[in-house]
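Everything on this sheet refers to the single structure shown next.
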Amino acid sequence: MDSKTVMFSALFLVWLTFVNGSPESLEVGKLTKATNVSWSSYNFKTILSWGPKPVSYTYTVEFSRVGKDKLRNPHCIRSTETECDLTNELDVKGVYSADVLSESLHGTSDYVEPPFTRSKKFCPYNDTLIGSPEFKLKVNENKTVLIIHDPITALHKDGRSLNIRDVFKKNLKYKIAYIKAGSTGKKMLIVDESKAEFNNLDEDQSYCFSVAAYIPSRKGDKRVGEWSLPKCSPQEHKTLFEEYGLAVIGGAALIILAFVIAVIVLIVVCCKQRQTPTAKETIV
């Protein structure tokens with residue numbers, strides 16, 4: 001192959017590259033739209049997630065409150081991750097939507113506007129899942145008291161973590177499910193405070209309790225948070241005197257004593273009858 005042919009081939013390849021673009025630039029032009037864009041929020045820790053994992057392109061998240069301008073989180077711009085933490089970006093009672101944009105890795109693509117997928121609307125106050133609360137049981141004489149600890153959220157104010165009572169205030173209630181040990185009849189109680197008292201439970205019986213946050217202003221199954229694991233009160237064991245009383249026990253003791261005496265008398269009489277000789281035995 002002479003030098004002219006080699007030069008012509010080289011020039012032809014350069015021309016093809018200029019017209020059609022390099023293999024890398026061709027790959028950059030193929031942007032995949034995000035799929036399964038969804039919100040997940042637990043005690044106001046709010047994550048936007050999507051798929052698939054990008055190859056030769058990146059994702060940028062834009063979010064906005066309804067009727068407001070779009071905003072961006074610096075950690076979710078041209079990222080290769082498939083989730084974005086928006087916990088500290090959202091107002092608790094705001095209603096938001098988010099766009100996940102697919103963008104070229106090198107900032108160039110064949111798209112005038114990058115393809116994007118929009119999420120459903122989300123409101124932290126109405127949609128975050130409230131975790132199960134911890135609680136303590138105190139049993140005093142004929143009264144059982146539940147002391148509920150309001151779950152801590154991912155929100156902060158003035159340098160401290162907020163609990164769900166700080167957020168929902170008077171709109172927060174608790175559902176308490178309780179059942180007598182060995183029974184199938186579950187009962188339900190709703191309380192406004194983080195404390196509940198039970199004064200009419202059967203004495204000397206063990207009861208099991210479960211607690212869940214209850215937000216009546218919400219819709220559907222989002223009103224009730226996660227249920228706690230059950231805790232059971234101890235079953236009291238009374239002494240015989242406490243259980244039956246002195247009169248009953250004394251009466252039972254007298255009956256037993258009388259029975260013992262009757263048995264003894266009967267045995268003595270039988271023994272004497274065997275030892276007494278008959279008339280025939282006394283004649284020689």
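Taking the Cα-to-Cβ direction at Ala252 and at Val112 and moving 7 Å from each Cα, how far apart do the two end points lie in nm?
Taking the two extended label points, one gets 9.5 nm.
Could you calculate the FRET efficiency of Ile147 with Val95 from 1/(1 + (r/R0)^6), where r is the beta carbon distance between them and R0 is 45 Å, rounded to 0.05?
For Ile147 and Val95, the calculated efficiency is 0.80.
Please give the Cα centre distance for the range 98-166 versus the range 30-44, rounded to the nearest Å.
Measuring centre to centre over Cα atoms gives 15 Å.
Can you put Glu62, Glu141, Glu134, Glu197 in order of accessible area, largest first, using a 1.4 Å probe?
Glu141, Glu134, Glu197, Glu62
In terms of Cα to Cα distance under 27 Å, which lysines are near enough to Lys272, apart from those fewer than 8 places away along the same chain?
Hits, sequence-local ones excluded: Lys280.
Over all directions, how big on average is the projection of the convex hull of the alpha-carbon atoms in the range 50-191, in square nanometres?
Seen from a random direction, the Cα hull of the range 50-191 projects 14.0 nm² on average.
Using a 1.4 Å probe and ignoring any ligands, DNA or RNA, find the accessible area of Val191 and quote it in Å² to the nearest 10.
20
Could you look at the range 90-216 and say what percent of its accessible area is carbon and sulfur, using a 1.4 Å probe and all protein chains?
47
Please compute the Kirkwood hydrodynamic radius over the range 92-144, one decimal place, Å, based on all pairs of different Cα atoms.
By the Kirkwood definition, the hydrodynamic radius is 16.2 Å.
For His156 and Thr184, what is the calculated FRET efficiency with R₀ set at 30 Å and r taken between the beta-carbons, to the nearest 0.05?
0.10
Using a Förster distance of 45 Å, how high is the FRET efficiency between Asn199 and Asn36, based on the Cβ-Cβ distance and rounded to 0.05?
0.30
Sorted by packing (mean other beta-carbon atoms within 10 Å per residue), highest first, where do 53-59, 227-233, 66-72 land?
Top of the packing list down: 53-59, 227-233, 66-72.
Please compute the modelled spin-label separation between Val268 and Asn171, points set 7 Å along Cα→Cβ, answer in nm with one decimal.
8.7
The values are calculated or read from the model by the stated rules, or taken from the named source; none is laboratory data. Please read these numbers as outputs of a predicted model, since none were measured by experiment. So basically every Cβ, Gly included, is an ideal-geometry build from the backbone, and we count neighbours across all protein chains shown. Note: accessible area is taken over every heavy atom of the protein model, side chains too, but ligands, DNA and RNA are not part of it. Shrake-Rupley method; radii C 1.70, N 1.55, O 1.52, S 1.80 Å.
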